[in-house]
1. Can you tell me which residue is surrounded by the fewest Cβ atoms within 10 Å (Cβ to Cβ) among those in region 39-66 that are acidic (Asp, Glu) and at pLDDT 95 or above?
2. Quickly run through region 72-94 and pick out the residues that are surrounded by 13 or more Cβ atoms within 10 Å (Cβ to Cβ) and either at pLDDT below 90 or farther than 21 Å from PHE28 by Cβ (or both).
3. What number of residues within region 24-33 are open to solvent by 20 Å² or more (accessible area, probe 1.4 Å) and either under 10 Å from ILE45 (Cα atoms) or hydroxyl-bearing (Ser, Thr, Tyr) (or both)?
4. So, in region 1-23, how many residues would count as being in contact with a helix residue (DSSP H, G or I) (Cβ under 8 Å, 6 or more places away or on another chain) and either under 20 Å from ASP80 (Cβ atoms) or surrounded by 15 or more Cβ atoms within 10 Å (Cβ to Cβ) (or both)?
5. Looking at LYS36, LYS69 in this structure, which one is under 17 Å from PRO5 (Cα atoms), more than 12 Å from the chain's Cα centre (by Cα) and open to solvent by 60 Å² or more (accessible area, probe 1.4 Å)?
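The values are calculated or read from the model by the stated rules, or taken from the named source; none is laboratory data. Values in this document were obtained by computation on a predicted structure and should not be read as measured data. With ideal geometry, Cβ positions are generated from the backbone for all residues, glycine too; neighbour counts draw on all protein chains shown. For the accessible areas, the whole protein counts, side chains as well, though only heavy atoms, and no ligand, DNA or RNA atoms are used. Shrake-Rupley method; radii C 1.70, N 1.55, O 1.52, S 1.80 Å.
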Amino acid sequence: MRLTPAQQATIRSTVAETFGEEANVWLFGSRVDDNKRGGDIDLLIETQQADVAVIVRAEMALLTKLQMKLGEQKIDVLVDYPTRQYTPAIFTIAKQTGIQL
C-alpha cells in the first residue's frame, strides 16, 4: 500500500470525524499496488447514515479536511449507505480489491 502509516491514520480519523465512528473506509485503485507510482487516493466510505443531504455535506467536509491535512492531492471518494437505491459495480470491486484502513 502506498500510503504512510501517518496518512492512513489521518484518513481513518478524518472519516470518523466527518461520517461518524461507525464508518468504514477502504483504499482501492493504484495506491494499493506497491509496484505502481503516482495515482490519486481512491477511497470507499461505508456509512450507516441514511440522509443523503447529510452524506453530501460529510463528503465535502471530508475532502476539504483531507486536502488540508494531507496536502493538495487528487482524492476520489465513493460513499455507500443503507438507503442507496442502486449500487454500482465499482463499490463491490473496491471492497474486493481494496484494503480496509
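1. Step one: list which residues in region 39-66 are acidic (Asp, Glu), which gives 40, 42, 46, 51, 59.
Cutting the leftovers down to at pLDDT 95 or above gives us 46, 59.
On the way: GLU46: 20, GLU59: 17.
Within region 39-66, the match that is surrounded by the fewest Cβ atoms within 10 Å (Cβ to Cβ) is GLU59.
2. ARG84
3. 3
4. Keep residues of region 1-23 that are in contact with a helix residue (DSSP H, G or I) (Cβ under 8 Å, 6 or more places away or on another chain), which gives 1-3, 7, 10-11, 14-15, 17-19, 23.
Cutting the leftovers down to either under 20 Å from ASP80 (Cβ atoms) or surrounded by 15 or more Cβ atoms within 10 Å (Cβ to Cβ) (or both) gives us 2-3, 7, 10-11, 14-15, 17-19, 23.
Residues that pass the stated criteria total 11.
5. Working: LYS36 fails: under 17 Å from PRO5 (Cα atoms).
On inspection, the qualifying residue turns out to be LYS69.
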